[in-house]
Every structure is written in C-alpha cells, then in structure tokens.
1. Considering only the other residues whose Cβ falls under 9 Å of the Cβ of S185, what net charge follows from Lys and Arg at +1 and Asp and Glu at -1?
2. Give the shape of the range 81-147 as rounded, prolate or oblate, defined through the alpha-carbon gyration tensor: a ≥ b ≥ c are the square roots of its eigenvalues, a/c under 1.5 means rounded, and otherwise the shape is prolate if a/b is larger than b/c and oblate if not.
3. Mind checking the per residue accessible area of the chain for me, 1.4 Å probe, whole number of Å²?
4. In the chain, which Cys residues have no partner Cys with a Cβ closer than 4.7 Å?
5. With a point put 7 Å past each Cα toward its Cβ, work out how far K206 is from T34 in nm, to one decimal.
6. Compute the acute angle (0 to 90°) between the alpha-carbon long axis of helix 237-249 and the principal axis of greatest extent of the alpha-carbon atoms of the chain; round to the nearest 10°.
7. Could you give the size of the charge dipole of the chain about its Cα centre, using +1 on the Cβ of each K and R and -1 on the Cβ of each D and E, expressed in debye and rounded to the nearest 20?
8. Distance between Cα centroids, the range 44-69 to the range 70-145: provide it in whole Å.
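The values are calculated or read from the model by the stated rules, or taken from the named source; none is laboratory data. Everything numeric here is computed off the predicted structure, so don't read it as measured data. Note that we place each Cβ from the backbone using ideal geometry, even for glycine, and neighbour counts take in every protein chain shown. In case anyone asks, the SASA skips ligands and DNA or RNA and just uses the protein heavy atoms, side chains included. Shrake-Rupley method; radii C 1.70, N 1.55, O 1.52, S 1.80 Å.
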Amino acid sequence: MKINKIYSYYFSPSGTTRKITEELNKSFNLPIDTCDLLKNPLHEDIHISSNDLCIISLPVYMGRIPSICIDMVNKIKSNKSLAIGVVVYGNREYEDALVELTDLLTNNNFTIVGAGAFIAQHSIFPSVGNGRPDDSDLKLIKSFGENCNKIIESLNNDAFSRLEINIKGNRPYRSTKPIPLKPKSKNTCNNCGLCYKICPTNSILKDSPKEINKDTCISCGACISNCPSNSKYFGGIMYKIAKVKFEKSNSVYKIPEVFYIC
Ligand SMILES: Cc1cc2nc3c(=O)[nH]c(=O)nc-3n(C[C@H](O)[C@H](O)[C@H](O)COP(=O)(O)O)c2cc1C
Ligand code: SF4
Ligand code: SF4
C-alpha cells in the first residue's frame with residue numbers, strides 16, 4: 001500500500017515524547033505534518049485520508065493515557081486510514097496506556113499497523129530513566145519505524161479485516177487518581193507569564209504565576225520544562241520521601257516493547 005503523507009500528533013509536556021516521535025518520524029521518507037498537542041490543542045475534527053498514515057504519541061500517566069488527550073484523539077477521524085500508536089513512560093510501567101490508545105484509534109476506524117511503548121526519563125522523578133531515550137532506545141525506535149514502513153508497503157487494501165494486532169494491557173483499564181505532587185515556584189520567577197500560557201489545564205494564575213491551582217493541575221511538568229528561569233520545580237518533604245521510594249522500586253532498566261499487525 002502506498003502512503004502519501006504522515007500526520008504526526010504528540011503531547012509532550014516535558015519534551016521526551018516529542019523527541020521519540022521526531023526520531024520515529026525520521027524512519028519514513030515522506031512529507032510529514034507534525035502537531036504539538038500541548039501548544040496547539042485540537043478543537044476541530046481532523047480528517048485523515050485513506051492514503052495517509054497517522055502517528056499518535058502520548059506520555060503514560062498512572063498507567064493510562066492522559067485523560068486530557070482523549071477528546072483530542074477522538075477528533076482525529078479516519079477514512080479507513082492506518083495508524084501507529086506510541087506511548088512513552090518513565091521506566092516504571094505503561095500498564096494499560098497502549099491498549100487504551102490503540103482502542104481509541106480502532107474505535108475511530110483506524111487500522112493499527114504498529115504500536116510501541118518506549119522509555120524516557122521520568123518527568124516527576126528524573127533520576128529514574130535518566131538520560132533516556134538513550135542511543136539504544138533511538139536505534140529501536142528507528143527499527144520500529146522501518147518495520148512499520150515495510151508492513152505498510154506489503155499491505156493490500158482488501159486484506160485489512162483479516163489481520164490483527166494484540167497489544168499488551170488490560171480491559172477494563174486500571175483506575176487512576178490524581179498525583180498529589182504539584183510544582184512549586186521559586187522567588188526567581190519574573191512573572192513572564194510563559195507557564196500561564198503553556199499550562200494545558202489553565203492551572204496557573206495570569207497575574208500571579210507563582211500560584212498553582214492544585215485541584216486542576218495534572219502534574220504534567222510543562223511549566224517546569226518551559227520556564228526560562230528554572231523557577232518551577234517538584235520539591236518539598238513529601239516529594240523527597242516519594243522520590244527515595246520511587247527510585248528504589250524503579251531502577252531496573254526497562255526495554256521498549258513493540259507490537260505489529262499480522
Ligand atoms: C502525572 C504523571 C504520571 C506518570 N505516570 C507514569 C506511569 O504510570 N508509569 C511510568 O513509567 N511513568 C509515568 N510518568 C512519567 C512519564 O510517563 C514520562 O516521564 C514521560 O516520558 C513524560 O513524557 P513527556 O516528556 O513527553 O512529557 C508519569 C508522569 C506524570 C507527569
Ligand atoms: S515561566 Fe517561570 S519565570 Fe515565567 S512566570 Fe512562569 S514561573 Fe515565572
Ligand atoms: S501547573 Fe500543573 S498542569 Fe499546569 S503546566 Fe504546571 S504541572 Fe502542568
């Protein structure tokens with residue numbers, strides 16, 4: 001099957017999902033339309049044609065995809081189009097995130113060619129998965145893209161319905177609750193307002209950006225990674241205690257997992 005164009009969507013508050021998506025996109029020698037869902041959230045439906053490929057990459061939050069992304073993924077409409085689903089997790093587990101993402105895409109009429117769970121530095125506890133994706137991850141991402149490419153080339157339009165992809169994960173998906181750790185602000189904050197503009201949940205006050213609405217903040221870390229004066233951070237006693245425990249249980253190097261249609 002011949003693909004004309006790739007539409008690549010990612011949500012990446014602390015930048016690692018973007019890095020992995022950009023590496024994956026390089027495996028396809030095709031025109032690519034890339035959309036950063038944090039900076040340009042989807043408000044309208046997007047229609048992907050039958051000869052285009054859609055790549056969607058999301059971070060894992062509590063073993064699920066971020067709930068804030070569900071409506072946006074549902075706005076991406078398929079016309080019997082192919083898709084690749086990617087989740088990026090911080091070396092703990094990805095649990096039901098990949099199956100949740102690919103279920104959404106399948107329910108929206110996409111045929112999933114390949115799906116992958118890749119590892120990155122944890123955005124709340126960066127000592128876990130530190131330095132990832134590393135060179136070995138980047139090689140695996142490249143070969144995942146190349147394999148998806150080969151599969152697409154070999155696909156015959158009429159044969160889709162006989163093919164299947166089995167993704168690791170449970171249904172019903174695990175339940176989640178909000179993470180109690182929220183960013184704090186330092187006095188170095190110069191009120192530039194960038195964090196207010198980038199926060200995907202409008203949890204930062206325009207006139208007082210040092211303050212965060214803890215009830216709506218999803219701990220995504222976008223305000224931390226985008227602050228030009230490094231004035232936002234995860235810290236405090238509760239954070240330090242959680243960090244020690246978290247590092248202890250999640251120090252073993254995890255390997256990316258990939259799945260293909262067959
Ligand atoms: C609220 C929240 C929940 C997370 N839950 C998980 C998790 O369940 N498993 C895991 O391994 N990493 C988890 N992480 C780490 C992220 O999945 C990981 O850092 C990811 O690479 C972040 O993507 P980004 O850099 O594109 O923002 C979580 C991070 C956040 C902010
Ligand atoms: S981005 Fe940083 S410096 Fe700018 S308002 Fe937010 S915390 Fe302050
Ligand atoms: S305030 Fe919370 S939701 Fe908003 S960018 Fe910062 S961590 Fe993300």
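1. Values: positive: K184, K186, K210, K232; negative: E211.
Net of charged neighbours comes to +3.
2. Numbers: a/c = 3.80, a/b = 1.57, b/c = 2.42.
Oblate shape, in that a/c is at least 1.5 and b/c is the bigger or equal ratio.
3. Working: 13290 Å² over 262 residues.
On a per-residue basis, 51 Å².
4. So, C35, C54, C69, C148, C189, C192, C199, C217, C220, C227, C262.
5. 3.1
6. Relative to the chain, helix 237-249 is tipped by roughly 40 degrees.
7. Working: 33 positive and 25 negative charges, 192 e Å.
Computed charge dipole of the chain: roughly 920 debye.
8. Between the Cα centre of the range 44-69 and that of the range 70-145, the gap is 9 Å.
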